[in-house]
Amino acid sequence: MNSQFTAEADDPFAGKRLDSAAAAQFGLSRTRVQSLLRGGGILVNGLAAKPGRLIAPGDTVSIRFNEPEEVGPVPEDIPLDIVYEDGHVLVVDKPKGMVVHPAPGHTGGTLVHALLHRLGGNLPVINGEYRPGIVHRIDKDTSGLLVVAKNDAAHHALSAQLSAHSMRREYIALAAGRIGADSGSINRAIGRHPVHRKKMAVVQHGRRAVTHYEVTERFERPVRCCLLRLRLETGRTHQIRVHMASIGHPILGDEVYGPARPAYQPPASGQILHAEVLGFTHPHTGTYMEFTAQMPVYFRSLLTKLHNSNI
């Protein structure tokens, strides 16, 4: 399996040691990185390098795992809630609990497996055979809208919009505690957690991340919380969850970024977070398109309970 990244001028990895940067970027232990470096499994601009080599802007760091090549995902007949589809794009309302693409521990039942069945395997593989057609992702326990590219041109165009932050992505969520301000913005850089490598965190030299929020309702019982509408200006991994936790108001039910022993556990497992609005310029027609996914049952049921408890 191969993977790589190119350090940009403002990249937090520029100027860092190769071993540290590779461990952070690829989510590997330092021991694993050292082993790969000794075996020539990590290259800089195609050449073997020493662990202490400093990463310069423009350097491409690639990693090669020596494990046997795995067979790509096979199509699975899994029902999907298709919001829109044409010859270039597909918009799907992903249910809570579905993983977007195969990963260790999730080798079946993903959105990719379902898409391969629906589209007969005809998806671009720019992101690799394990993420065909996937332009952006949402977490397993986050429900809501995703756009999928059905050809290479669509994938390039949509990815460019994502990089330029011109794709509209709005979420609704329930956040723990009472947020005083009616609206606000969180501008805090996000990167790999310095200790727990599978988690993200607000870090000094992370990548720029901005989340805008608006409080639409406040509740006191059975748990003090707020109903939020959130808009992503950037799209970092776990951005909303990390940002809300960083200001002391984690998303209700978040088992990763919330408290170890929450005062209240929602009936639905995982964070109460829904990707409600998705807007983008169609990669072929150039027309702006916008879609809204109605509030799912798990979210609506909890909101009804909160309303009834606060009458």
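The values are calculated or read from the model by the stated rules, or taken from the named source; none is laboratory data. This one's a predicted model, so the numbers in the text were calculated from it and none came from an experiment. With ideal geometry, Cβ positions are generated from the backbone for all residues, glycine too; neighbour counts draw on all protein chains shown. Keep in mind that these areas ignore ligands, DNA and RNA; they rest on the heavy atoms of the full protein, side chains included. Shrake-Rupley method; radii C 1.70, N 1.55, O 1.52, S 1.80 Å.
Which of the residues that make up the range 277-293 are within 15 Å of Arg229 (Cα to Cα) and either polar (S, T, N, Q) or in a loop (DSSP other than H, G, I, E, B) (or both)? Thr292, Ala293, listed by residue number.
For every residue, the table says whether it meets (1) open to solvent by 40 Å² or more (accessible area, probe 1.4 Å); (2) outside any loop (DSSP other than H, G, I, E, B); (3) over 30 Å from Thr292 (Cα atoms); (4) at pLDDT below 85.
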{"position": "Lys50", "(1), (2), (3), (4)": "yes, no, yes, no"}
{"position": "Pro57", "(1), (2), (3), (4)": "yes, no, yes, yes"}
{"position": "Asn66", "(1), (2), (3), (4)": "yes, no, yes, yes"}
{"position": "Glu70", "(1), (2), (3), (4)": "yes, no, yes, yes"}
{"position": "Pro73", "(1), (2), (3), (4)": "no, no, no, yes"}
{"position": "Glu76", "(1), (2), (3), (4)": "yes, no, no, no"}
{"position": "Pro79", "(1), (2), (3), (4)": "yes, no, no, no"}
{"position": "Val91", "(1), (2), (3), (4)": "no, yes, no, no"}
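For (1) surrounded by 19 or more Cβ atoms within 10 Å (Cβ to Cβ); (2) under 17 Å from the mean Cα position of the chain (by Cα); (3) in a loop (DSSP other than H, G, I, E, B), each residue gets a yes or a no:
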| site | (1), (2), (3) |
| --- | --- |
| His156 | no, no, no |
| Ser159 | no, yes, no |
| Arg169 | yes, yes, no |
| Ser185 | no, no, no |
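Within the range 217-254, the residues that satisfy the criterion of being within 11 Å of Ile179 (Cα to Cα), out of contact with any helix residue (DSSP H, G or I) (no Cβ under 9 Å at 6 or more places or on another chain) and either open to solvent by 20 Å² or more (accessible area, probe 1.4 Å) or assigned to a strand (DSSP E or B) (or both) are Arg218, Arg224, Cys226, Ile247, Gly248, His249.
The set of residues in the range 257-280 being touching a helix residue (DSSP H, G or I) at 6+ places or on another chain (Cβ under 7 Å) and open to solvent by 50 Å² or more (accessible area, probe 1.4 Å) consists of Pro267 alone. A Cβ distance below 8 Å, combined with a sequence gap of six or more or placement on separate chains, defines the contacts here; from the range 157-174, residues that are within 28 Å of Gly253 (Cα to Cα) reach residues that are basic (Lys, Arg) and open to solvent by 20 Å² or more (accessible area, probe 1.4 Å) in the pairs Arg168/Arg231; Arg169/Arg231; Glu170/Arg229; Glu170/Arg231; Tyr171/Arg229; Tyr171/Arg231; Ile172/Arg229. A residue that is assigned to a loop (DSSP other than H, G, I, E, B), closer than 30 Å to Glu85 by Cβ and either touching a residue at least 24 places away in the same chain (Cβ under 8 Å) or touching a strand residue (DSSP E or B) at 6+ places or on another chain (Cβ under 8 Å) (or both) can be found somewhere in the range 256-268.
Looking at Gly144, Gly109, which one is outside any strand (DSSP E or B) and within 25 Å of Pro267 (Cβ to Cβ)? When all the criteria are applied, what remains is Gly109. Pairs are defined by a Cβ separation below 7 Å, a sequence spacing of at least 6 or placement on different chains, a first member in the range 294-307 that is under 14 Å from Cys225 (Cα atoms), and a second member that is of a type in the set (Val, Ile, Thr) and open to solvent by less than 80 Å² (accessible area, probe 1.4 Å); the pairs so defined are Phe299/Ile272; Leu302/Ile272. Taken together, the residues in the range 171-183 that are outside any loop (DSSP other than H, G, I, E, B) and open to solvent by 40 Å² or more (accessible area, probe 1.4 Å) amount to 1.
Just to be sure, is Arg221 at pLDDT 95 or above and out of contact with any Pro (no Cβ under 6 Å at 6 or more places or on another chain)? Against the criterion (at pLDDT 95 or above and out of contact with any Pro (no Cβ under 6 Å at 6 or more places or on another chain)), Arg221 does not qualify.
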